[in-house]
1. Calculate, in nm to one decimal, what Leu3 and Asn83 gain on full extension: separation in residues at 0.36 nm each, minus their alpha carbon distance.
2. Starting from the amide H of Lys74, placed 1.01 Å from N in the peptide plane, find each other amide H under 5 Å away whose residue is 5 or more places distant or on another chain.
3. As a quick test, which of the pairs Lys62/Lys145; Lys66/Lys87; Lys45/Lys66 have an alpha carbon distance above 32 angstrom in this structure?
4. Just for the Cα atoms in segment 46-146, what are the lengths along the principal axes, largest first, rounded to whole Å?
5. Taking 0.36 nm per residue of separation and subtracting the Cα-Cα distance, what length does fully extending Lys95 through Arg58 add?
6. Using a Förster radius of 25 Å, what is the FRET efficiency between Lys46 and Val13 based on their Cβ-Cβ separation? Nearest 0.05, please.
7. Report the percentage of all Cα-Cα pairs in segment 26-82 whose separation exceeds 19 Å, rounded to a whole percent.
8. Do any chymotrypsin sites (Phe, Trp or Tyr not before Pro) in segment 69-146 lie in a loop, going by DSSP, with at most 10 other beta-carbon atoms within 10 Å of their beta carbon, and if so which?
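Readers should treat all values here as calculations from the given coordinates under stated rules, not as data from a laboratory. Here the structure is a predicted model, which is why all the values come from computation and not from measurement. Here the Cβ is made from the backbone with ideal geometry for all residues, glycine too, and neighbour counts use every protein chain on show.
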Amino acid sequence: MKLHTLKPAGGSVKKNKRLGRGQGSGGSTAGRGHKGAQSRSGYHKKIGFEGGQMPLQRRVPKFGFKNNEKIFFKAVNLDALENLAQKTNGDITLKSMFENGIVGKNDKVKILGRGELKSKVTVEAHAFSETAAKAIEQAGGTATKV
């Protein structure tokens with residue numbers, strides 16, 4: 001066997017019929033069958049068209065509302081801040097939270113009040129819940145909004 005003698009198996013390769021190119025592509029109808037929109041030039045089927053049946057996107061009911069202005073916060077609880085305060089020297093910034101894998105680089109951070117905070121820390125975040133802000137101040141720290 002040599003590379004220049006390789007061929008596909010007989011009958012496995014078939015040329016596509018060039019529709020709409022005169023008599024040579026299938027008699028008087030040029031391979032398009034008889035009548036109807038698909039036989040005419042410039043035919044384009046609409047997306048989702050189901051042959052006149054009510055299409056799926058119109059059968060399924062619409063509901064709800066999507067608010068494109070909503071801001072999604074990444075929640076960080078006090079117990080996570082307590083663990084982080086032991087690693088850092090009590091100064092918790094967005095950068096330190098990102099470096100320790102608590103939040104993503106572009107996340108908006110909200111501090112929530114689950115858990116206990118014993119160490120005195122200064123916390124920097126985009127938002128605080130009331131209980132979290134009270135707990136931070138009771139421990140002797142400060143809660144700073146960015």
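1. Contour length minus Cα-Cα distance gives 22.1 nm.
2. The list, which skips near neighbours in sequence, is Lys108, Val109, Lys110.
3. Going by Cα-Cα distance, Lys62/Lys145; Lys66/Lys87 fall outside the 32 Å limit.
4. Principal-axis extents of the Cα atoms in segment 46-146, largest first: 70, 26, 22 Å.
5. Net length gain for the segment: 8.6 nm.
6. Taking R0 as 25 Å, the efficiency between Lys46 and Val13 is 0.15.
7. Percentage above 19 Å: 66.
8. Counting only loop positions with at most 10 other Cβ atoms within 10 Å, the chymotrypsin sites (Phe, Trp or Tyr not before Pro) in segment 69-146 are Phe72.
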